[in-house]
Amino acid sequence: MLTDEQFADLVTLRYEPRGLEFKGARPRTDRLFFARVARASLGLANLRDGGRIIIGVDEQGGVLTPVGLSDDDLATWRYDDVAAALASYADPALTFDLYTREYQGKRFAVIEVQEFDELPILCKLTYQEPPPGRQVILREGACYVRSHRKPETSEIPTQTEMRELLDLAIEKGVRRFLDRARAVGLLLPDDSAARDEILFDQQLRETEGS
């Protein structure tokens, strides 16, 4: 979780780094607004090291302004409610923390999204903007990522983002295989630390038996 000092550094940024998204001062119960938060959460979950969404930062005249949340709006951003709402969009379920931070007497909700555990997160429910817009905010089956081209969440736009996501998934798969191999006593050729430990135990037993 962010310290107060770290939060102050982020909330005063005038741009969005790849692992950070600002959202306006709206309640969770605003369905269109929450769909956009869910979209950002899916994209951050598919990013190495995940990322954060800070709720309570409005864009006014092209400038990001930390306005904070009212007490009533902040009260809607409860972990259990957010978890249940995000679960309807994410497959598999994503992991996140939710907490409050304060800056200059204003309070903000922070959603800290962890990178996916085993498999990339897919969207499992379509959400379309109400009329007259009708823009599709979330599409069932889509894989959302944070784009390299500009600070936004989108369906995989180029092979660069696709390769990055696949590399991350492969790394996780290799680590799981190595963990399982060690758990069943399988010594891998380049596992020098495990080999040294086994040799030490063997020498110790031989010494005790002599």
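Tabulated data for the structure shown
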{"read-out": "Hits in the range 1-25 (condition: of a type in the set (A, V, I, L, M), farther than 27 Å from Cys123 by Cα and part of a loop (DSSP other than H, G, I, E, B))", "value": "Leu2, Leu13"}
{"read-out": "Options Glu129, Glu118; residue that is at pLDDT below 95, closer than 16 Å to Arg39 by Cβ and surrounded by fewer than 16 Cβ atoms within 10 Å (Cβ to Cβ)", "value": "Glu129"}
{"read-out": "Residues located in the range 149-183, provided they are modelled with pLDDT of 90 or more and assigned to a loop (DSSP other than H, G, I, E, B)", "value": "Glu152, Ile156, Pro157, Thr158"}
{"read-out": "Residue in the range 113-126 that is in the same structural domain as Leu10 (by TED's automatic domain parsing), over 18 Å from the mean Cα position of the chain (by Cα) and not in a loop (DSSP other than H, G, I, E, B) present", "value": "no"}
{"read-out": "Whichever residue in the range 132-150 is small (Gly, Ala, Ser) and exposed (fewer than 15 other Cβ atoms within 10 Å of the Cβ) and, among such residues, is nearest to Ala38 (Cα to Cα)", "value": "Gly141"}
{"read-out": "Filtered residue count, the range 7-23, keeping only those that are surrounded by 15 or more Cβ atoms within 10 Å (Cβ to Cβ) and either over 19 Å from the mean Cα position of the chain (by Cα) or within 30 Å of Glu171 (Cα to Cα) (or both)", "value": "8"}
{"read-out": "Pick from the range 27-49, criterion surrounded by fewer than 19 Cβ atoms within 10 Å (Cβ to Cβ) and in contact with a helix residue (DSSP H, G or I) (Cβ under 6 Å, 6 or more places away or on another chain), ranking: farthest from Asp81 (Cα to Cα)", "value": "Arg48"}
{"read-out": "Close pairs from the range 1-23: first over 19 Å from Lys150 (Cα atoms), partner modelled with pLDDT of 95 or more and acidic (Asp, Glu), Cβ under 7 Å, at least 6 apart", "value": "Met1/Asp97; Met1/Glu112"}
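To keep it simple, each residue is scored yes or no on (1) outside the structural domain of Phe33 (by TED's automatic domain parsing); (2) farther than 19 Å from Pro92 by Cβ; (3) out of contact with any strand residue (DSSP E or B) (no Cβ under 7 Å at 6 or more places or on another chain).
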site: Gly141; (1), (2), (3): no, no, no
site: Ser147; (1), (2), (3): no, yes, no
site: Lys150; (1), (2), (3): no, yes, yes
site: Glu161; (1), (2), (3): yes, yes, no
site: Glu164; (1), (2), (3): yes, yes, yes
site: Leu178; (1), (2), (3): yes, yes, yes
site: Ala181; (1), (2), (3): yes, yes, yes
site: Gly185; (1), (2), (3): yes, yes, yes
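The values are calculated or read from the model by the stated rules, or taken from the named source; none is laboratory data. Keep in mind it's a predicted model, so treat the numbers as computed, not measured. All Cβ positions, even for glycine, are placed from backbone atoms using ideal geometry, and neighbour counts span all protein chains on display.
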